[in-house]
Amino acid sequence: MNILGEVMKNKEVFSTFHLMDTIVSVKLIGKKVKRTLKKIQTELTKFARLYSRFNEKGVVVKINEKAGVSSVKVDQKLLTLIQKAVEFGKLSNGLFDVTVGPLLDLWSVKSSSSPPSDGLIQKTKELVDYQDIFIDDKKRLIMLKRINQKLDLGGIAKGLATDECNKIIRKYNINQGYVNIGGNVSVIGSNPSGQPWKVGIKHPRKTDHLIGLVKTVNKTVVTSGDYERYFDYQGMRYHHLLNPLTGYPGREGLISVTVIAQEGYLADALSTAVFLSGMEKGRSLLKQFPKIEAVLIDDSENIYITTGLIDCFEVFGQTKITII
């Protein structure tokens, strides 16, 4: 018998499903793709159930319900995630803050058509402080120190979810594919033609258009922008990326920030923090992560890219590009 005939051929699977309040797309190329896909779906379903603050059976809901009263036992994965979130809170001087839940509820950008009163914003803002998260490493306990405080892991959880998917993908030796969780795109290996994957970046002001694309291998690409969830009121755009220090949507001159990193949780949190920091402070923040690349778009639609993207970024149209 021909030995080559015994070698399993690579197979390809593609699936799209709704989880974590968003659309998830997975493409895998390898020898155990169906089994890998099933494991990914199982992991993401569990992830959505446990870590969403809107799932009544989830751990995050329990933490929020017990705020100011008692601590809650959590698994190691959630403990680590919250620890990383607190680290990012310190690193960003409070601009990235996972206790922003009360402000998100107040603004309710998805369903609102006008901003809340400044008085309500200032009162609610007092509940937001990542330093109020009590963490007991040894006993794996988490507690919010004050009543009515709320964790919201939306700025980091999808990134960690892509990391968990990648662990499964590596375990089953899948060497090509991608996982897209609501725009958080993690690519595995090269594309079927042997070239880097091309990940599109949405145009922040033109619906259904791309402003450019990033060519990358084995990285996660995450974009934070003011165009996904927002409402317009009296000529002003109010979006979902809230500045915990002011209580208002971030207005520091950036309208889109894309971060390319090895770790999804890092790309997720950093894209939000840089967006809220603005150009100069955002650049300083990025310099603390020399292995990470980024694409920043300001409110004049000028594009700024880090040096590592000079040969990996393609722009559409005549938009000006500046290297930072």
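The values are calculated or read from the model by the stated rules, or taken from the named source; none is laboratory data. The structure presented is a predicted model; accordingly, all values stated were derived computationally and were not measured. Note that each Cβ is placed from the backbone with ideal geometry, even for glycine, and that neighbours are counted across all protein chains shown.
Listing for the model above:
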{"item": "Pairs with Cβ under 6 Å, 6+ apart, first in region 13-26 and touching a residue at least 60 places away in the same chain (Cβ under 8 Å), second of a type in the set (Ser, Thr, Tyr)", "result": "SER25/THR16; VAL26/SER15"}
{"item": "Selected residue (only one of GLU301, GLU280, GLU263 is buried (at least 16 other Cβ atoms within 10 Å of the Cβ), at pLDDT below 95 and either on the phi > 0 side of the Ramachandran plot or over 18 Å from the mean Cα position of the chain (by Cα) (or both))", "result": "GLU301"}
{"item": "Hits in region 186-199 - residues which are assigned to a strand (DSSP E or B) and either crowded, with 18+ Cβ neighbours inside 10 Å or among the aliphatic types (A, V, I, L, M) (or both)", "result": "SER186, VAL187, ILE188, TRP197, VAL199"}
{"item": "Top-ranked residue of region 217-242 - restricted to ones that are surrounded by fewer than 21 Cβ atoms within 10 Å (Cβ to Cβ) and polar (S, T, N, Q), ranked as modelled with the highest pLDDT", "result": "ASN218"}
{"item": "Filtered residue count, region 130-142, keeping only those that are surrounded by fewer than 19 Cβ atoms within 10 Å (Cβ to Cβ) and touching an Asp or Glu at 6+ places or on another chain (Cβ under 9 Å)", "result": "1"}
{"item": "Hits in region 219-241 (condition: closer than 24 Å to ALA269 by Cβ and out of contact with any Ser or Thr (no Cβ under 9 Å at 6 or more places or on another chain))", "result": "GLU228, ARG229, TYR230, ARG237, HIS239, HIS240"}
{"item": "Lone qualifier among LEU91, LEU103, LEU127, LEU95 - being touching a Pro at 6+ places or on another chain (Cβ under 8 Å) and either modelled with pLDDT under 95 or surrounded by fewer than 14 Cβ atoms within 10 Å (Cβ to Cβ) (or both)", "result": "LEU95"}
{"item": "Enumeration of residues in region 35-57 that are over 19 Å from ASP163 (Cα atoms) and surrounded by fewer than 19 Cβ atoms within 10 Å (Cβ to Cβ)", "result": "PHE54, ASN55, GLU56, LYS57"}
{"item": "Inter-residue pairs, beta-carbon under 9 Å, first under 22 Å from ARG229 (Cβ atoms) and in region 178-207, second surrounded by fewer than 18 Cβ atoms within 10 Å (Cβ to Cβ) and aromatic (Phe, Trp, Tyr), 6+ apart", "result": "LYS202/TYR227; HIS203/TYR227; HIS203/PHE316; PRO204/TYR227; ARG205/TYR227; THR207/TYR227"}
{"item": "Members of region 251-260 found to be touching a residue at least 40 places away in the same chain (Cβ under 8 Å) and either surrounded by fewer than 20 Cβ atoms within 10 Å (Cβ to Cβ) or of a type in the set (Gly, Ala, Ser) (or both), listed by number", "result": "GLY253, SER256"}
{"item": "Matching residues in region 95-135 - criterion: being outside any loop (DSSP other than H, G, I, E, B), of a type in the set (Val, Ile, Thr) and in contact (Cβ under 8 Å) with a residue 60 or more places away in the chain", "result": "ILE121, THR124"}
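Table: residues versus (1) among the hydrophobic types (A, V, I, L, M, F, W, C); (2) not in a helix (DSSP H, G or I).
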site: VAL26; (1), (2): yes, yes
site: ARG35; (1), (2): no, no
site: LYS38; (1), (2): no, no
site: PHE47; (1), (2): yes, no
site: LEU50; (1), (2): yes, no
site: ARG53; (1), (2): no, yes
site: ASN64; (1), (2): no, no
